[in-house]
Amino acid sequence: MIRLFLLAVAFFFIASGPAAAHPEDEFCKVDGGMDPALCLALQEMDRPANAVGQDSGFTETETIDFERPALETFALYVKIGVQHILPGGLDHILFVLAMFFSTRRLRPLLIQVSAFTVAHTITLGLVAAGVFAPPASIVEPLIAATIALVAIENLFFKDMTRWRPLVVFTFGLIHGMGFAGFFGSLGLPDGQFWSALIGFNIGVEVGQLSVVALAALLLWPLRHRISEALYRKAVVWPASGLIGFVGAYWAIERVIAG
C-alpha cells in the first residue's frame, strides 16, 4: 500500500511536470484563460452569422448572456475553483499534502487547514479587488519555496510545532496571490465580480479538502495500525522528502525562468 501510494505520487509528479502547476488550457474552456461567457462573446464577434457556437471549446452550443444571474456565475466559478486545484493546481496540492503529512492527529491538521484558508482568502480578495498587484515572477517562485519549506519541516518534527500555524498562515497569503493571479486572468463581464470571487474561493476550498480526504482515505489503514515511528519512517519521510525536492526544484526553475 505504501509503495503503491508513493509510486502513484511520483508518477503524477513526473507526468505532470513543473509546467502543470498553472496550466494554460484550451481557449474558452471552463478551466482556461478567460470567463467562458465573455470568451465566447468575443469569439462570436469574429464569426459569420451561421457559425455561432461552433469550435468554441464547449461540447454544446451555448447562449451568450452578459446578464446571467449571480447564482449561475457563482456555480460556474465554484466549478472553476475546484478545477484549478483538481487537477490544475499541482503546486497547491503538494502544499496541502505537506500539511497532511505533518501530523497523524485531526485537530492539528484542521488548525493548519483553517489558517491556510483564512490567509489565502484574504489575499485572493485583496489582489482580485485591485488593492495591490504582486508580479507573478515573484509570487510563483515563493509558492514553490513554501512547498519545500513546509515539507522539509516535516522531516525534523514528528508533529505540528507551535509556530506551524503562523508559518502556514504566512504561506497561505502567498498562495492567495497565486489564486488571484489565475482568477484575474479569467476576465469578467461587469457586475459579476463578487459572485465569481466567492464561488471561486469556495471551489478552491472544495478542491483542497478533497485532496485531504483522498489522502486520509488512502492512508487510513496505515495511520491507525502501525506505530508512529514506523509511519514516519515508511510514509512521512519519503513523501515529505519527495514533495520538498519537487518544491525546491520548481523554486529554482521559476527564479531562472524569471
When Ala213 is evaluated against the numbered criteria (1) small (Gly, Ala, Ser); (2) closer than 21 Å to Ile85 by Cβ; (3) touching a residue at least 40 places away in the same chain (Cβ under 8 Å), which criterion, by number, is the only one it fails? (3)
Does at least one position in region 181-204 carry a residue that is surrounded by 15 or more Cβ atoms within 10 Å (Cβ to Cβ), farther than 28 Å from Tyr77 by Cα and among the hydrophobic types (A, V, I, L, M, F, W, C)? no
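Quick one: would you say Leu209 is closer than 18 Å to Val246 by Cα and either under 16 Å from the mean Cα position of the chain (by Cα) or modelled with pLDDT of 95 or more (or both)?
no
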Do you know which residues across region 83-116 are touching an Asp or Glu at 6+ places or on another chain (Cβ under 8 Å), part of a helix (DSSP H, G or I) and more than 15 Å from Val150 (Cβ to Cβ)? Gln83, His84
How many of the residues making up region 233-258 are touching a helix residue (DSSP H, G or I) at 6+ places or on another chain (Cβ under 9 Å) and more than 30 Å from Ile138 (Cα to Cα)? 2
For Ser137, are the conditions met, namely being under 23 Å from Arg254 (Cα atoms), out of contact with any strand residue (DSSP E or B) (no Cβ under 9 Å at 6 or more places or on another chain), part of a helix (DSSP H, G or I) and modelled with pLDDT under 90? no
Exactly one condition in (1) buried (at least 22 other Cβ atoms within 10 Å of the Cβ); (2) under 29 Å from Gly241 (Cα atoms) is false for Pro141; which is it? (1)
For Val150, indicate whether it is touching a residue at least 12 places away in the same chain (Cβ under 8 Å), of a type in the set (A, V, I, L, M), closer than 22 Å to Pro238 by Cα and not in a loop (DSSP other than H, G, I, E, B). yes
Failed criterion for Asp190 (all others in (1) in a loop (DSSP other than H, G, I, E, B); (2) modelled with pLDDT of 95 or more hold): (2)
Let me spell it out: the conditions are (1) within 24 Å of Ile252 (Cα to Cα); (2) within 14 Å of the chain's Cα centre (by Cα); (3) crowded, with 22+ Cβ neighbours inside 10 Å, and Val168 meets all of them except one. Which number is the exception? (2)
Of all residues in region 92-110 being farther than 14 Å from Gly244 by Cβ, over 18 Å from the mean Cα position of the chain (by Cα) and surrounded by 17 or more Cβ atoms within 10 Å (Cβ to Cβ), the one that is modelled with the lowest pLDDT: Arg104
If you take the residues of region 126-147 that are among the β-branched types (Val, Ile, Thr) and without any contact (Cβ under 8 Å) to a residue 40 or more places away in the chain, which of them is nearest to Leu90 (Cα to Cα)? Ile138
In region 212-244, which residue that is under 20 Å from the mean Cα position of the chain (by Cα) and of a type in the set (Val, Ile, Thr) is modelled with the lowest pLDDT? Val212
Every pair of residues 6+ apart whose Cβ atoms lie under 8 Å, when the first sits in region 223-252 and is buried (at least 18 other Cβ atoms within 10 Å of the Cβ) while the second is of a type in the set (A, V, I, L, M, F, W, C) and not in a helix (DSSP H, G or I): Val235/Phe101; Val236/Phe101; Ala239/Phe101; Ser240/Phe101; Ile243/Phe101
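The values are calculated or read from the model by the stated rules, or taken from the named source; none is laboratory data. Please read these numbers as outputs of a predicted model, since none were measured by experiment. Every residue, glycine as well, gets a Cβ built from its backbone with ideal geometry; the counts of neighbours run over all protein chains shown.
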